[in-house]
Amino acid sequence: MRIRSIMLAAVATVAFSVLYFGAASTALAFNETNWAGGAMCQTCHTAGIDVPGISWGPHSGYTRSTDICTLCHTVHAAPSSNHLLPGETIKATCATCHDGSGGQGVYGTIKARGLTVGGEHTVEDTSVVPGGSTLDGRNASMSFAGEGGTLTCSDCHSPHGNDAVTPFLGERQRSAASIGNHDVNTSNRLLKRRPGGVTTPVAEYGSDWCLACHKGRASDLPAVMNHPVESSATVGAPYNYRELGIIGPGPYPTADTVLGPAGINTKYSGYNRAYLMPYPRAGAQAGHLPICQQCHEDTRDVGALTADGTRATPTETSVTVTLGADGRNPADNPRFQNFPHETTGFRLLVEADTLSSGDDLCTNCHPPSALP
């Protein structure tokens, strides 16, 4: 664990502005895609290491002498009683830096490019969870941390980096740290081990993490018919986003499957290797069900199985990694990297249009020749 006190002049200036003026202003917003470089990069984008407790700018790595608290908290000028935050709500406080206006953050990018959002996790809008009921798999309400009990940013993310999931290699390649070298950092993404404030902690980002809120989607519920998904309810040591059976290295098509990360395996091979499951299952996929994120991720073309389903040809991933590039290049695959916040795919599915999914998604794992 790297513990450091962040005392850069640029951060101190912003912190003073928040403290002095009280309410957050979009003038303080950190533009995630058009940042031109400088000392402030290191305060928010630190190369990750595969151990818990990663320091991520103002969200972790505190010392007794840290000067970073005032960046997010205002002692005497808070507009509400909500943890002395400079914004009226948790969402407003997060938007002080992660500003989505103009399509530069995780929210707002799709509409700013003239496209339609097909699926999203709405923030401070509802407390209803799709598939949240363990009784019948239908919608159910939960009590979240947002205004009026609605879902907000801190229900999924730990603002101080505490009690977070095991760091994993994700897909997003839009941070300033990645520009120019097509690199992605290992990080816990500040994801809580108790999303939504659930009682049972979840150490790994995978199906169990999603099922903490979407409880009615679990495969072990006798009264509900859901697509089988691998979780702790189905197997003692379930696969997760960090360790998953994926298509082996080329040449393609191939029937070989190996253990690897669901996310940026493209960092090494350039292919979407985590979204295809040849039939019959073999190698690292044998005896395993898919995890949620193999069907729900950023919208893309993942490739296809051969006609008999025995081998797979992943489609190459291409992401333009330049200043302000996210979503601007229609040829990128995936075009946007906003999951699980919002995607162009219906219900956040990897292969779908904005209104519905198609059989092409199903045949990534179920070749017609193998149907009963």
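Readers should treat all values here as calculations from the given coordinates under stated rules, not as data from a laboratory. In this text, all values refer to a predicted model and were calculated from it rather than measured experimentally. A quick note on method: Cβ atoms are made from the backbone with ideal geometry, for glycine too, and the neighbour counts reach across all protein chains shown.
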| query | Which FRET efficiency, nearest 0.05, do H160 and V128 yield, Cβ-Cβ r, R0 25 Å? | reply | 0.35
| What length, rounded to one decimal in nm, is gained on full extension from K111 through to A370, with 0.36 nm per residue of separation minus their alpha-carbon distance? | 89.3 nm
| note | Under the 7 Å Cα-to-Cβ spin-label approximation, T199 and S80 lie apart by a distance in nanometres of 2.9
| message | Along the Cα→Cβ direction, 7 angstrom out, place labels at R64 and T354. What is the inter-label distance in nm? | response | 5.6
| request: Could you work out the local net charge near G108, counting Lys and Arg as +1, Asp and Glu as -1, over the other residues with Cβ closer than 9 Å to its Cβ? | output: -1
| note | Each label sits 7 Å from Cα toward the beta-carbon; between N226 and A286 the label points are separated, in nm, by 2.9
| query | Based on the Cβ-Cβ distance of D256 and A307, what FRET efficiency does E = 1/(1 + (r/R0)^6) give at R0 = 25 Å, to the nearest 0.05? | reply | 0.85
| task | Could you work out the local net charge near G87, counting Lys and Arg as +1, Asp and Glu as -1, over the other residues with Cβ closer than 12 Å to its Cβ? | result | -3
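Rank-order 346-352, 228-234 by packing density, defined as the average count of other C-beta atoms within 10 Å over each peptide's residues, highest first.
346-352, 228-234
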